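Remarks on the structure that follows.
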């Protein structure tokens with residue numbers, strides 16, 4: 001019953017989305033206002049239908065309806081409630097449904113604010129969003145129907161992949177998808193600008209908050225993914241340059257470039273066609289990410305569901321959408337009206353440099369991710385590019401960026417006065433120099449000299465961001481939302497850079513065999529292993545270890561309880577549940593290795609300095625984006641427009 | 001000229017699509033190794049445990065698997081449970097070739113995830129990997145009693161492959177003189 005209704009709902013959503021795509025476009029051609037306005041109710045209707053489908057699938061999971069193939073593969077009656085809900089998007093079919101839920105949700109968000117837009121623009125934007133929805137709905141209905149029946153039904157489901165049974169993963173995909181899918185909106189605006197040949201201040205003000213919101217969600221999504229990997233993969237890493245991580249990182253880099261170039265275009269009328277191209281590219285990379293994850297062309301720990309037939313569809317869809325947009329771009333971009341010359345020695349010039357660095361970084365990630373594939377396609381032997389490639393290309397690009405960020409708002413638009421910029425920042429430079437040198441010195445186990453350079457630049461970024469906020473507060477008022485948001489985001493970047501630098505250059509780890517009662521001295525702490533006991537969880541059995549950590553004075557700091565779990569669905573693949581004591585300046589991290597017999601275990605101890613700063617920084621960046629996106633000038637359009645219209649009527 | 005610059009993104013896209021399309025049609029697991037049916041290439045390598053050197057005579061007199069792996073290899077994590085399960089079967093001889101890896105990382109990997117290998121050979125600079133035609137990690141070779149390579153799997157092992165192809169092949173090879 002649920003399956004039949006769910007399937008029908010998706011088919012109905014397809015019909016509505018087709019209407020939403022075609023009728024407004026026809027209205028544009030025939031200059032028919034009532035056809036244009038069909039887009040708005042259609043956007044609400046398709047969202048409502050997808051919500052229904054999603055709710056039905058959730059109900060099927062809660063009822064343990066193993067007559068539905070997807071439920072039988074992803075769930076199990078012993079699965080805890082929260083994971084039954086997150087299992088809805090734990091596999092391929094459900095994650096696509098979530099994707100469409102987000103997409104139509106963004107459509108509704110655009111529709112609900114469309115009063116501020118001219119009807120032809122909002123209708124075009126909604127039509128482009130509907131086109132993407134149609135593409136994904138066809139994909140779901142043709143190759144990956146979440147409501148596929150299973151006959152005969154299973155008595156018991158196969159269970160959710162144990163790696164996915166983690167609270168972080170329950171919210172990571174929704175956030176990530178909000179970001180991925182969110183770039184559809186600036187993309188749709190870019191297409192509308194190209195079609196209507198209109199790129200003016202009003203267009204930029206409509207587009208900026210959408211791009212910033214999408215970017216904030218993506219930031220948060222990536223941060224949650226990294227946090228999940230740290231908690232769940234059990235080897236203390238927080239970023240692996242895995243193809244799927246890269247797939248989310250590339251749109252983030254290009255999206256970052258986009259929100260900065262939008263600023264330059266709005267303020268100085270420069271980089272207009274470049275901004276359009278970035279909007280297309282950010283969306284294209286989101287689609288490419290979907291292709292990489294879902295097609296199986298790249299082997300990855302994340303690629304839980306892969307199937308070549310699906311790959312062919314997504315590649316076809318990708319080619320049509322991105323190829324079509326770029327062809328439109330090639331044809332129309334030269335006609336875009338805003339094309340002022342750009343001087344390098346100015347704030348917009350610095351923003352251009354920032355854009356170039358970010359785009360080159362995105363290219364280096366793209367190249368590293370696809371290199372095995374490209375080489376394979378050319379028939380050469382396939383070499384492996386691992387973290388060494390990414391670290392060697394990425395870090396040198398990001399360091400100059402940190403240096404520039406600190407100067408950004410001390411440098412004027414149009415023409416920079418560097419003498420003045422340096423004078424205004426004398427104190428900040430001094431603090432950065434002292435702080436950046438002191439931080440690695442007071443942190444134990446620092447390796448290498450590069451860390452000093454990285455820390456000076458990171459502290460510089462933090463100090464200048466704080467100085468900007470303080471400067472406004474000293475004048476007795478809060479900075480405007482756009483300035484506050486920018487400062488908070490740049491502060492986040494600096495905090496994140498401190499975390500990354502410290503973790504990669506000052507973490508320490510120790511592998512050893514421990515018997516009950518053994519005490520290890522490591523990293524300035526005493527670690528006492530009290531032994532393990534056997535535990536039974538709801539859908540797994542576990543060896544539960546206890547390690548007491550004491551400070552150098554012998555005072556007890558914390559008790560860490562790592563586990564080695566065997567899920568009944570995958571007994572051959574034991575999972576490591578590491579135990580982590582969280583701290584502002586260091587994490588203590590313990591994971592159990594293998595039993596060595598006679599109650600002894602191989603145990604791995606880590607001290608991870610400043611690792612929390614990576615995620616705190618990312619949260620600050622996302623928060624900054626959210627603050628900036630709510631700036632008043634994006635909301636004031638309507639009244640201003642009305643004022644202009646009124647003035648026009650009087651004249 | 002301006003048009004040409006604007007068309008550049010489109011050109012990049014075309015190259016990308018061609019490569020991705022080729023990637024889809026080429027199943028990386030279906031490439032035949034020219035080494036199949038030939039004796040295993042000669043090597044002399046230290047063991048990961050560090051206590052002695054071994055050469056290709058290691059394989060003589062038994063049917064063996066040689067699994068190429070590395071601690072930095074993400075896909076190796078996926079197949080490791082299968083290797084652990086296989087290693088518990090009778091008359092199963094699995095050797096590891098630890099490819100371009102650090103000793104400490106490799107040892108830790110085995111300590112953490114279980115060691116399915118009778119012995120692990122260390123190919124620090126990947127030279128032996130080149131002789132064996134290693135494409136990427138992981139790969140698994142089947143070597144018969146006479147030290148001849150009989151099959152090669154590129155990419156991680158899956159239960160389907162093990163049950164439908166690998167285990168029948170091993171049985172057949174064990175029956176040979």
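The values are calculated or read from the model by the stated rules, or taken from the named source; none is laboratory data. These numbers were taken from a predicted model, which means no experiment stands behind them. Here the Cβ positions follow ideal geometry from the backbone for every residue, glycine too, while neighbour counts run over all protein chains shown.
Taken as a whole, the condition of being touching a strand residue (DSSP E or B) at 6+ places or on another chain (Cβ under 9 Å), closer than 23 Å to residue A:604 by Cα and modelled with pLDDT of 90 or more applies to residue B:120. Going by the conditions given, is residue A:312 modelled with pLDDT under 65, within 14 Å of chain B (Cβ to nearest Cβ) and within 28 Å of the chain's Cα centre (by Cα)? No; evaluated as a whole, the condition is false for this residue.
Determine whether residue A:68 is within 30 Å of residue A:162 (Cβ to Cβ) and in contact with a strand residue (DSSP E or B) (Cβ under 8 Å, 6 or more places away or on another chain).
Numbers: within 30 Å of residue A:162 (Cβ to Cβ): yes; in contact with a strand residue (DSSP E or B) (Cβ under 8 Å, 6 or more places away or on another chain): yes.
Taking the combined requirement at face value, the residue satisfies it.
Beta carbons closer than 9 Å, at least 6 apart along the sequence or on distinct chains, pair a first residue in the stretch B:103-116 that is farther than 16 Å from residue A:592 by Cα with a second that is surrounded by fewer than 18 Cβ atoms within 10 Å (Cβ to Cβ) and modelled with pLDDT under 85 for B:103/B:50; B:103/B:124; B:104/A:511.
Exactly one residue among A:85, A:50 is crowded, with 21+ Cβ neighbours inside 10 Å, in a helix (DSSP H, G or I) and out of contact with any strand residue (DSSP E or B) (no Cβ under 9 Å at 6 or more places or on another chain), and that residue is A:50.
Answer with yes or no whether residue A:194 is at pLDDT 90 or above, more than 15 Å from the chain's Cα centre (by Cα) and farther than 19 Å from residue A:620 by Cβ. Here the answer is yes, as residue A:194 does meet what is asked.
Looking only at residues that are more than 15 Å from residue A:179 (Cβ to Cβ) and surrounded by fewer than 24 Cβ atoms within 10 Å (Cβ to Cβ) in the stretch A:621-632, which one is nearest to the chain's Cα centre (by Cα)? The selected residue is A:627. Of all the residues in the stretch B:109-125, those that are over 15 Å from the mean Cα position of the chain (by Cα) and within 12 Å of chain A (Cβ to nearest Cβ) number 7.
Could you check, for the stretch A:27-37, whether at least one of its residues is without any contact (Cβ under 8 Å) to a residue 24 or more places away in the chain and within 29 Å of the chain's Cα centre (by Cα)? No, the conditions are met nowhere in the stretch A:27-37. Is it fair to say residue B:130 is in contact (Cβ under 8 Å) with a residue 24 or more places away in the chain and either facing chain A (nearest Cβ under 9 Å) or assigned to a strand (DSSP E or B) (or both)? No; evaluated as a whole, the condition is false for this residue.
Residue B:106: part of a strand (DSSP E or B), more than 10 Å from chain A (Cβ to nearest Cβ) and surrounded by fewer than 22 Cβ atoms within 10 Å (Cβ to Cβ), yes or no? No. Among the helices (runs of 4 or more DSSP H) confined to the stretch A:386-456, the ones with at least 2 residues that are out of contact with any strand residue (DSSP E or B) (no Cβ under 7 Å at 6 or more places or on another chain), farther than 22 Å from residue A:261 by Cα and at pLDDT below 85 are located at A:387-407, A:418-424.
None of A:56, A:96, A:40, A:103 is closer than 21 Å to residue A:162 by Cα, touching a helix residue (DSSP H, G or I) at 6+ places or on another chain (Cβ under 7 Å) and assigned to a helix (DSSP H, G or I) except A:96. All told, residue A:237 falls short of being within 24 Å of the chain's Cα centre (by Cα), on the phi > 0 side of the Ramachandran plot and modelled with pLDDT under 80. Listed by first and then second residue, the pairs with beta-carbon distance under 8 Å, at least 6 apart or on different chains, first residue in the stretch B:161-177 and surrounded by 11 or more Cβ atoms within 10 Å (Cβ to Cβ), second assigned to a helix (DSSP H, G or I), are B:162/B:82; B:162/B:86.
Among the residues of the stretch A:106-125, just one is in contact with a helix residue (DSSP H, G or I) (Cβ under 8 Å, 6 or more places away or on another chain) and not in a helix (DSSP H, G or I), namely A:117. Is one or more of the residues making up the stretch A:340-350 part of a helix (DSSP H, G or I), modelled with pLDDT under 90 and within 14 Å of chain B (Cβ to nearest Cβ)? No, the conditions are met nowhere in the stretch A:340-350. Where strands (runs of 3 or more DSSP E) fall wholly inside the stretch A:501-619, the ranges with 1 or more residues that are at pLDDT 85 or above are A:508-514, A:519-522, A:525-536, A:540-550, A:556-560, A:563-567, A:579-581, A:586-597, A:600-609. Scanning the stretch B:133-156 for residues that are within 12 Å of another protein chain (Cβ to nearest Cβ) and either within 24 Å of residue B:49 (Cβ to Cβ) or at pLDDT 90 or above (or both) returns B:134, B:137, B:138, B:139.
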